[in-house]
Each structure stands twice: as C-alpha cells, then as structure tokens.
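The values are calculated or read from the model by the stated rules, or taken from the named source; none is laboratory data. Predicted model, so just to flag it, every value in this text is computed and none were measured. Glycine also receives a Cβ, built like all others from the backbone with ideal geometry; neighbour counts cover every protein chain displayed. Note: areas computed on protein heavy atoms with side chains; ligands, DNA, RNA excluded. Shrake-Rupley method; radii C 1.70, N 1.55, O 1.52, S 1.80 Å.
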Amino acid sequence: MTWLAVAGGLFLVWLVLVFLFTPGINYHLAQRTSVQHDDFLYTIQSTCQAALHHGNRVTVFTDGPAFYPAMLEAIRGASRSINMECYIFQAGKIADQFIDALAERSRNGVNVTIVVDAIGSLNLWGRPVARLRGAGCRIESYQRLRWYSLQRINNRTHRELLVIDGSVAFAGGAGIADWWAYPEKGRRRPWRDTMVRIEGPVVAALQGVAAENWLECCGEILTGPDYFPDLKPCGNTTAFVVKSSPSDRATASRVAFQLLMEGADHSVRISTPYFLPDRALRKALLDIRKRGVDVMLIVPGPATDQKWVRLASRRMWGHLLRGGIRIFEFGGSMTHVKALIVDGMWAVVGTTNIDNRSFEHNDEVNLALRDPAVASRLLQDYERDLAASDEITLEKWERRPLWEKVVGPFIWILERQQ
C-alpha cells in the first residue's frame, strides 16, 4: 500500500507538471518576409497547410443585435443542410430562437448537425437538447469525459461556426448566449463582438472544418452536394482558413499570427479578450515595434468576465509599454472581439485568443483575409472601440493598486493554461 501511495503521489505530481509547467515553444522566423510581397502568400499558405481561395464576399457584423438576426435569417433560408459547431451554446432567450429555427428547418427535411463542447455548453443538455432531437436535429457533445480520453481533457473545441447549405458561413468570436444580445447586470450594453458572413469558394474549407469534429464525435463523413456544392467566385476577397486541431503543441493558428505580425511594415492592430502572450510572442511584438511598426492592443477593462486572467495579463505589460506598444482597456462592457489587422491589408477574425490555451490546447478556426476593404471596415470598428477605451500608459500601469502588484506574481501560472 505504501508503494501504491508513493506511485499515486508521483503520478499526481507528474500530471501537475505536464498541465501547468510545460515550457512554451520559442517561435521565431528564419527570415522575415513582408506581408506586402507576393512570396508572403506562398509562405503563409504552405506553412499553415491551407489553400488560398480567391473571389469571396465577406460581410462584417458588429455586435449581437446585428449578427444574430443575420444568422437566424440564414438558418431559416436553409434548404439542404445546416452545420454548427459551438464552444458556447447557453440556454436562454437567444438559444431558444436558434433552437426554434433549427428545429423548424429539420422538420422540413433539412439535414441539421450540431457539435457543442461538453464543458463550454454544459447547461444545454436537458430540455434544449431534447427539443432539438425531437425535431430530428442531430447533436453531439465534443470531448465528453470518458476514461479512455482523459489525456485529452484539456483539448476543447473553441470554434464558433455556422455553415448553411455548404455555401454561406458565419465565423467569429461569438457563441450562442444572451450576454451577446442583452446587457448583463452591472454592464451598460451587451458584450462587444464581431462575426463575419462569408460566401464564395472558401466556404468549402469552413465546411470541412465543421465536418472534422462531426466525424470525430460520431464517425460519419459528411459527403455530397448538400454539404459540398460547387461554389463560384462572388467577391473580391482572397481568404484562407486557419484550422487548429492540436495533436502536439505547435498549431497553425500560432504560426499564422506570428507570420502576420512579424511581416507587418506599418501597423498591427490587435483585439483580444484574453491577452497572455508567451515570451516568444512578447519578443516578436517588441521587435516589430523597434522596426517602427505601430502596435496597438485593445483588451477588456474592469468589466471582464475573467478577472484573474486580467490580473495575469496586466502583470506583464511593463516591458511592452516601455517598448512603445500602446494598450487600451475597453470600457463599460466586456469586449470579446478576436481580430488582427496588419498594414490595413490583412485581417484575421475567428476564435483564437492571444493565449496559450488557444495556441496549444483548443480546436480553433480563423479566417485570414487579404482585402483592404475588409480591413478598412474592421478598422472602423477598431477606432470606435479605441474611443470607448482607456489608454494604459506606463505611468498608469506603475500606479496600479498595491494589492494587484502583490497578487500578480502568484497567478503567473495562468499564462500556460488560460
């Protein structure tokens, strides 16, 4: 029994070390290439193993009162298939609207498949799922707790993706929950977020992402024109899908973000709800600032939904501020926008946060867009968010409360797990 106790204790220590103290990868570029150069296109699509798709149309929706009606309208217009993958599908008024729309389409012969994360959408199970299944919708839970998959308990699907008839897709940072549509207690307005509507050839790649975890959940391979129709060019946006399904710690999303940031010549604009960059990414940001690139960052202020993460983030701002990086805290509500805009030319929208959990542990999906018009539209929102934010100067950061300075060093552990 003593030896068993010792073995059990050693196993627990090993588990803690693996989950909490695995060192980060020292990402860096062998040779910098500018985002302005044609060879950058070949570099990023080859390195991320993603095909470029030309001739797409992208529409940007700002906040839940804009994107939820657009998503519901698309669902109600579906004639062949609807595929959803959600990290967050929370029971409530918004969920009821989606459940009603999905159920109505399923009863009328549309193939409806839904994948929700077992943890992120835990409270959906029960009556909401029964309503969906009663209407013929097929819904699966991603990474339920099972004895044979405990080693993957830290791997969640963080994707928020909707594909209609294989020809129209919605992607971005928002799940299905009331807080994106209605103000929560103590907040003046709903969560700030961005979703995009996509049409054109790149939708097939997004459909492939939706099909991936459906296959993992139930073994079915989605095939045929109901899911993969022939898609014609319909716009001017060049795009590719950055899909992360980590089998190891290095992921395509981290590679894409690193390449785009370090490829900047003029400006980098970042919005992220959870900013916990590792040492390699902090060094990259400081290096591009030294080259004269204007770097701005918008993160949540006191209205954040993850106050410990905000503390862990703020403790590392000193050397970023000293290096000339400008940091703004969004005011009045939670900002959940996940966007990267480079040189007013490239933009990335999707589900990846600037933290280790997104870069190493989660299944994520992002859309990288090469289109000055789309970048300009996102920059309009960015400027409005800046106007609603408080800039954190080095002087302000140094005057942060004493208790925050004391607590900060003790929560550094979140940097590897959040």
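The number of residues in the stretch 308-334 that are touching a helix residue (DSSP H, G or I) at 6+ places or on another chain (Cβ under 8 Å), farther than 23 Å from residue 279 by Cβ and not in a strand (DSSP E or B) comes to 1.
On the given criteria, is residue 305 assigned to a loop (DSSP other than H, G, I, E, B) and open to solvent by 30 Å² or more (accessible area, probe 1.4 Å)? Give the steps one after another, and end with the answer.
Values: assigned to a loop (DSSP other than H, G, I, E, B): yes; open to solvent by 30 Å² or more (accessible area, probe 1.4 Å): yes.
Taking the combined requirement at face value, the residue satisfies it.
Evaluated against (1) at pLDDT 90 or above; (2) over 22 Å from residue 174 (Cβ atoms); (3) part of a loop (DSSP other than H, G, I, E, B), residue 133 falls short on exactly one condition, (3).
For the subset of the stretch 45-86 comprising residues that are assigned to a loop (DSSP other than H, G, I, E, B), modelled with pLDDT of 95 or more and not small (Gly, Ala, Ser), which member is nearest to residue 362 (Cα to Cα)? Checked the stretch 45-86; the qualifying residue nearest to residue 362 (Cα to Cα) is 63.
Among the residues of this structure, residue 175 does not count as one that is at positive phi and at pLDDT 95 or above. Among the residues making up the stretch 330-372, none is at pLDDT below 95, within 14 Å of residue 241 (Cα to Cα) and either of a type in the set (Gly, Ala, Ser) or open to solvent by 10 Å² or more (accessible area, probe 1.4 Å) (or both). In the stretch 243-254, the count of residues that are surrounded by 20 or more Cβ atoms within 10 Å (Cβ to Cβ), modelled with pLDDT of 95 or more and under 15 Å from the mean Cα position of the chain (by Cα) is zero.
Listed by first and then second residue, the pairs with beta-carbon distance under 8 Å, at least 6 apart or on different chains, first residue in the stretch 26-41 and closer than 15 Å to residue 283 by Cα, second part of a loop (DSSP other than H, G, I, E, B) and open to solvent by less than 100 Å² (accessible area, probe 1.4 Å), are 32/263.
State which residue is surrounded by the fewest Cβ atoms within 10 Å (Cβ to Cβ) when the search covers only the stretch 308-328 and only residues that are in contact (Cβ under 8 Å) with a residue 12 or more places away in the chain and under 19 Å from the mean Cα position of the chain (by Cα). Can you show your working first?
If we filter the stretch 308-328 for residues that are in contact (Cβ under 8 Å) with a residue 12 or more places away in the chain, which is where we start, we get 308-309, 311-328.
Remaining after also requiring under 19 Å from the mean Cα position of the chain (by Cα): 309, 313.
Values: 309: 23, 313: 26.
Once the filter is applied, the top-ranked residue is 309.
Considering the conditions (1) part of a loop (DSSP other than H, G, I, E, B); (2) modelled with pLDDT under 90, residue 34 is excluded by exactly one of them, (2). Per the listing 390, 381, the residue uniquely among the acidic types (Asp, Glu), part of a helix (DSSP H, G or I) and either open to solvent by less than 30 Å² (accessible area, probe 1.4 Å) or in contact with an Asp or Glu (Cβ under 9 Å, 6 or more places away or on another chain) (or both) is 381. Return yes or no: is residue 134 open to solvent by 50 Å² or more (accessible area, probe 1.4 Å) and either among the aliphatic types (A, V, I, L, M) or under 21 Å from residue 207 (Cα atoms) (or both)? Taking the combined requirement at face value, the residue does not satisfy it. Taken as a whole, the stretch 113-129 holds no residue that is of a type in the set (Asp, Glu), in a strand (DSSP E or B), under 20 Å from residue 88 (Cβ atoms) and modelled with pLDDT of 95 or more. Please specify each residue of the stretch 95-119 satisfying the condition of being out of contact with any Gly (no Cβ under 7 Å at 6 or more places or on another chain) and open to solvent by 10 Å² or more (accessible area, probe 1.4 Å). Matches in the stretch 95-119: 96, 97, 100, 104, 105, 108, 109, 111, 118, 119.
Return the residues of the stretch 180-219 that are among the basic types (Lys, Arg) and farther than 30 Å from residue 302 by Cβ; say none if nothing qualifies.
Narrowing the stretch 180-219 to residues among the basic types (Lys, Arg): 185, 187-189, 192, 197.
Selection gives 197 alone.
Note on the stretch 37-89: residues that are open to solvent by 10 Å² or more (accessible area, probe 1.4 Å), over 20 Å from the mean Cα position of the chain (by Cα) and among the aromatic types (Phe, Trp, Tyr) amount to 1.
In a residue-by-residue description of the stretch 74-86, the property of being without any contact (Cβ under 8 Å) to a residue 12 or more places away in the chain and not polar (S, T, N, Q) applies to no position.
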